[in-house]
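Quick note: the coordinates plus some simple rules give every number you see, no bench work behind them. Owing to the predicted nature of the structure, the values given are computational and were not obtained by experimental measurement. FYI the Cβ positions are ideal-geometry reconstructions off the backbone, even for glycines, and counts take in every protein chain you see.
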Amino acid sequence: MFDFQNDVVELSKADRAHPSLPRVQKPRLALSKRLFDVAGAIMLLLPLGVSALLLCLLNPLFNRGPLFFVQERMGFRCVPFAAFKFRTMTAPNGHARGAFDALETDRITVLGRIMRKMRIDELPQIINVLRGQMSLIGPRPDHFEHACVYLRTVPGYCARHDVLPGISGFAQTEVGYVDGLDGVHRKVAADLYYIAHATLAFDLWIAWRTLVVIATHRGS
């Protein structure tokens, strides 16, 4: 069984025996998921464009600096890729945030806080989806340097990269933002549960839960 957010999820006998083994997606599921990703990403191109135009007007007043933030993250099969986001934070003061450090909330700008609550900052990652580097739904990709630390210290962390990372995921809707070693353990448990039970219907449910989370303003 996996334990996340103080809840215990009972798995099948096979899941309990091998909770961290890689899973191979069935061809039919992989195809339907890719079609879902491409269709969803195309639908989100208009909101992305509108958001970019609005931020070009608002950034000089409330979020001075570049429009986009590009960060190397760990993707499918632990391969690094460049993930795109709308920038929500000021530049670091020279001290790099550690893998288990808390989020530097003091660096989040006024406009950035609104974008993070509404998940607008994640919209540019639809470009990653169209490139085949990400999925709409899947385990959230971590900063590559932090992910390398988690690979060495968190059991099961490697297995969460047996599927494409996602813009939203089961861990994000049901566990929320986490930091610290215990938080990473809970996130990984939720991600492995998702991988073990992945279906298109599950993805659609997570997409719905993501909208609920946005509507209720839960988020980092």
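Of the options [x] 18.7; [y] 17.4; [z] 18.0, only one is Kirkwood radius over Cα pairs in Å as computed from these coordinates, and that is [z]. Computed extension length for Met118-Ala82: 10.7 nm, one decimal, from 0.36 nm per residue of separation with the Cα-Cα distance subtracted. Taking label points 7 Å from Cα along the Cα-to-Cβ direction, Lys26 and Asp106 give a separation of 5.2 nm. Spacing of the modelled spin labels on Asn93 and Arg34, each 7 Å from Cα toward Cβ, amounts to 4.8 nm. Positive-end ranking of Asn128, Trp208, Asn63 along the dipole of the chain, with charges on Cβ about the Cα centre, is headed by Asn128.
For the chain, the residue among Thr109, Ala41, Val163 whose Cα projects farthest onto the positive side of the dipole built from Cβ charges is Ala41.
In this Cβ point-charge picture (+1 for Lys and Arg, -1 for Asp and Glu), region 24-215 has a dipole of about 340 debye about its Cα centre. Which residue fluctuates most in the GNM of the chain (Cα springs below 10 Å): Ala39, Ala189, Ala201? Ranking Ala39, Ala189, Ala201 by mean-square fluctuation puts Ala201 first.
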